[in-house]
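Trainee: Quick one: the structure is below, and I'll ask about it shortly.
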Amino acid sequence: MQRLSACSLDCHGACSLVVHLPDEEASVHDDPAGGVRVSGNPDHPFTRGVVCVKGRALAARRLSPDRITTPLVRGADGALHPATWDEALALCASKLDALRDTPESILHLRGFGYRGALAEASNYLFNSLGAARKRGSLCDGAGDAACEADFGAPDHNDSDDLANAAAIVNWGKDLARSSLHLGLMVRDARKRGVPVLTISPGGDDNDAFTDVRIRIRPGSDRFLAAAAIRRLLVDDAVPPAISGRTRGFGQFREMLLATSEADLLSACDAAPADLDTLCRWMRREAGNGGPTASLLGWGLQRYLRGGESVRYINALVMLSGNMGVSGGGAYYGISSGRSLDLSWSRKAGTPARTFLLSHMAQELTQADPQVRFLWVDAFNPVNQSPDAPALARAVEAIDFTVVVEAFLTDTASRADVVLPCALVLEREEIFGSAYHNYIAYAAPACPMPGEVRHDFDIARGVAERLARPIPFPDREDVLRQALRSPHLEVSLEELKATGWTKAKRPSVAWEGLRFAHPDELYRLPEALHLDGAAATVQDGASTGDYPLHLLTLLAPDYVNSQVGLPGRQPDDGAPITVQVAPECHALSALDLDRPVFVVSPHGRMPVQVQTRPGIHPRTVIMPRGGWLAHGRSPNAIIAPLATDMGDGAAYYEQRVRLEN
């Protein structure tokens, strides 16, 4: 038997799934997936029958022996013990009742471990209470803010329009590990003869999707983009029809021409030949004369000047004539909820105050009044946030913490109450993608094990037990409201039957070069900051003491720390493996037969060192996803730094060294 569902994990694929269920007579006792198989829906235009290794493992993950299937409450002995739902929810409600008159002492932290219309339930509950919440982003905040500044709103061409590109420039997106379906589209384009240029510090798995590479210094993307724009300006190659659709073009031109090409190339470790290559791609000389599409990875905005890098790449696409045309555009990302009506939670109330996510440990420590109640759902902030050990201590100092979670993560292990939630394949949901325009309906294809509950029902259960209960809408009403959008023409019944629909959005973003600003003009960057070409070092240390960038790249079998294959969180003390270039100067001072450590001004971790050609020699590549409890979380040694825009976390600005 087969059922359609969809994957609501923190990934812009938003894949449509076919869940293959076993016959009743099938013997599944020795199968970790219980006889369930997951595949991509072949009828979905973006999924195209393909699902990643994480998606294929969803069935086994839901039956993991490590899964929490009953509420846990911390007892007088300091340990977590099983409890009934009535006991756990009543305890949560009583703690909230005691603080209801001081909502600033209640903090709600929700991530994107699962998302959609029903996933807004916890936001509705805590907005109704007026509780504090987070601000900023650990993911794409700087780039989103950059696109908002440039275009007036984040948008890009429809993902299907990539098939019309004559050439592609990939600025740092790992098409094998983080964008499987986009990688398939790029692969198909190359088969048609479309050339692909990849720009990155290396360490990615893009070789199978690349014709030509430019290796640059980490965090220096804006300098290479600025050098290419400068070439356009020197050659007077920006026609008035384009410059006239920008604001401040004259000042922008004067600013860039005042900086030498040699200085810009030196700042990103690129050669004149590299710039020649990029200019050929952007001037439509690499393909058949048609437009060039530019793909922007989210890693390039995880630096102190990350927003500025996105803005200069956008400006290069605009001024080279590749914006607002089919086959062109700058693909960064869109809001996954933009084509749905999710306003029910936002209208419930406003927060008493906000806490900056990238500096959560410091903000909690310095909060006045202090936070006394913390609720966390769809998020593992202790592991995923910079300065993870400090945040662990800050969470432990809070009077009462509730975590909605399926596994005993670094955050859940510090909770006073752990409430077991449904996972993908068990949750009903409607959601969109942060990359394409398809809306998914996730049907609950498998039963929830044990006493697990849907997160919507968990939030509603607390709301009903408050001394002054908060009325909750009906679940189906929330789903129907989500579809009452000017971009959708589908009923809930129709969506349930098909599993997906496509929002009505223009296939070409910014056609006619008319943007979302009130004057409809594009906004060019106002400055080019030359600081950050060599990253800063925190706490007064010299750059010579910490000469290497630490880049924590996505692992192929994890979505952050939330999703790993069963048994993939090693607790045997084996060091995590990092990669460096064979020519990395740090190797000359290391004895690889002795223990090796990666060291920052913030701490040190034992590692195993592996060499890999193509990585920038000033770079250390470490996979993210490891847990703090196992000594494998990179965030244990990453300082809290905020990006220049969007209150993002500048993870990749961290400088380190390798030593015995």
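The numbers here are math on the coordinates, done by the rules we state, and not lab data. All of these numbers come straight from a predicted model, not from anything done at the bench. Quick reminder, even Gly has a Cβ in these numbers, built from the backbone with ideal geometry, and neighbours come from all protein chains shown.
Trainee: Please list 100-111, 573-584 highest first by mean number of surrounding beta-carbon atoms within 10 Å per residue.
Mentor: Final packing ranking: 100-111, 573-584.
Trainee: Using a/c under 1.5 as the rounded threshold, could you call segment 232-304 rounded, prolate or oblate? The axes a ≥ b ≥ c are square roots of the C-alpha gyration tensor eigenvalues, and prolate needs a/b larger than b/c, oblate otherwise.
Mentor: Details: a/c = 1.31, a/b = 1.06, b/c = 1.23.
Rounded.
Trainee: First check a/c for the chain, with a ≥ b ≥ c the square roots of the eigenvalues of its C-alpha gyration tensor; if it is under 1.5, answer rounded, and if not, answer prolate when a/b is larger than b/c or oblate otherwise.
Mentor: Here the chain falls in the prolate category.
Trainee: Now, a different point. Would you mind calculating the relative contact order of the chain from Cα pairs under 8 angstrom and at least 6 residues apart, reporting the percent as a whole number?
Mentor: Computed value for the chain: 22 percent relative contact order.
Trainee: Sort 191-198, 271-278 by the packing proxy (mean of other Cβ within 10 Å over each peptide's residues), most packed first.
Mentor: 191-198, 271-278
Trainee: So, one more: Going by a ≥ b ≥ c, the root eigenvalues of the Cα gyration tensor, does segment 349-445 fall in the rounded group (a/c under 1.5), the prolate group (a/b larger than b/c) or the oblate group? Don't jump to the answer; show the numbers that get you there.
Mentor: On the way: a/c = 2.18, a/b = 1.69, b/c = 1.29.
Because a/c hits 1.5 or more and a/b exceeds b/c, segment 349-445 counts as prolate.
Trainee: For segment 548-659, give me the percentage of DSSP beta bridges that are antiparallel, rounded to the nearest 5 percent. Could you put the intermediate results ahead of the total?
Mentor: Working: 13 of 23 bridges.
Rounded to the nearest five, the antiparallel share is 55 percent.
Trainee: Among H630, L553, M645, which residue has its Cα positioned farthest towards the positive end of the charge dipole of the chain, with +1 placed on the Cβ of Lys and Arg, -1 on the Cβ of Asp and Glu, and the dipole taken about the Cα centre?
Mentor: Checking the options against the dipole of the chain, the answer is M645.
Trainee: I would also like to ask the following. Evaluate E = 1/(1 + (r/R0)^6) for A153 and S588, where r is the Cβ-Cβ distance and R0 equals 45 Å; express this FRET efficiency to the nearest 0.05. Could you put the intermediate results ahead of the total?
Mentor: Details: r = 50 Å, r/R0 = 1.11.
Working from the Cβ atoms, E equals 0.35.
Trainee: Another question, then. Put +1 on the Cβ of every Lys and Arg and -1 on every Asp and Glu Cβ in the chain; which of L184, L513, A142 then has its Cα farthest towards the positive end of the dipole?
Mentor: The Cα lying farthest towards the positive end belongs to L513.
Trainee: I would also like to ask the following. Given +1 on the Cβ of Lys and Arg, -1 on the Cβ of Asp and Glu, and no further charges, what dipole in debye does the chain carry about its Cα centre, rounded to the nearest 20?
Mentor: Values: 67 positive and 80 negative charges, 160 e Å.
With Lys and Arg at +1 and Asp and Glu at -1, about 780 debye.
Trainee: Antiparallel as a % of all DSSP beta bridges within the chain, to the nearest 5? Before the final figure, lay out the partial values.
Mentor: On the way: 33 of 80 bridges.
Rounded to the nearest five, the antiparallel share is 40 percent.
Trainee: Find how many whole Å separate the alpha carbon centroid of segment 1-19 from the alpha carbon centroid of segment 314-367.
Mentor: Using only Cα atoms to place each centre, the spacing works out to 24 Å.
Trainee: For the chain, build the charge dipole from Cβ charges (+1 Lys, Arg; -1 Asp, Glu) around the Cα centre, then report which of P595, L162, L99 sits farthest towards its positive end.
Mentor: Among P595, L162, L99, the one farthest towards the positive end of the dipole of the chain is L162.
Trainee: Using a simple charge model, +1 on the beta-carbon of Lys and Arg, -1 on the beta-carbon of Asp and Glu, nothing else, what dipole does segment 548-659 show about its Cα centre, in debye to the nearest 20?
Mentor: Dipole magnitude for segment 548-659 comes out near 60 debye.
Trainee: In the chain, how many lysine pairs have Cα atoms under 20 Å apart, counting only pairs 8 or more places apart or on different chains? The partial results should precede the final answer.
Mentor: On the way: K54/K173; K134/K347; K173/K191; K496/K504.
Going through the chain pair by pair, I get 4.
Trainee: Still on this structure: Arranged from highest to lowest average of other beta-carbon atoms within 10 Å per residue, in what order do the peptides 419-430, 76-87 appear?
Mentor: Values: 419-430: 24.9, 76-87: 12.2.
In decreasing order of mean packing, 419-430, 76-87 become 419-430, 76-87.
Trainee: Name the helices (complete DSSP H segments) of the chain with a Cα length along the long axis of 18 Å or more and a Kyte-Doolittle mean of at least 0.5, or state none.
Mentor: 85-99, 221-234, 306-319
Trainee: Limiting things to C-alpha atoms, what are the Rg and the maximum Cα-Cα separation (Dmax) for segment 128-281, in angstroms?
Mentor: 18.1, 59
Trainee: Would you kindly state how much longer the chain becomes between A443 and H81 on full extension, computed as 0.36 nm times their sequence separation minus their alpha carbon distance, in nm to one decimal?
Mentor: Working: separation 362, 0.36 × 362 = 130.32 nm, distance 3.18 nm.
My answer for the length gained is 127.1 nm.
Trainee: Related question: If you find the alpha carbon centre of segment 618-660 and of segment 454-477, how far apart are they in angstrom?
Mentor: Value for the Cα centre distance between the two parts: 38 Å.
Trainee: In nanometres, what is the gap between the two model label sites at N288 and D477, each 7 Å from Cα along Cα-to-Cβ?
Mentor: Result: 5.5 nm between the two label points.
Trainee: Below 8 Å between Cα atoms, with a sequence gap of 6+, how large is the relative contact order for segment 548-659 in percent?
Mentor: Dividing the mean separation by the residue count of segment 548-659 yields 40 percent.
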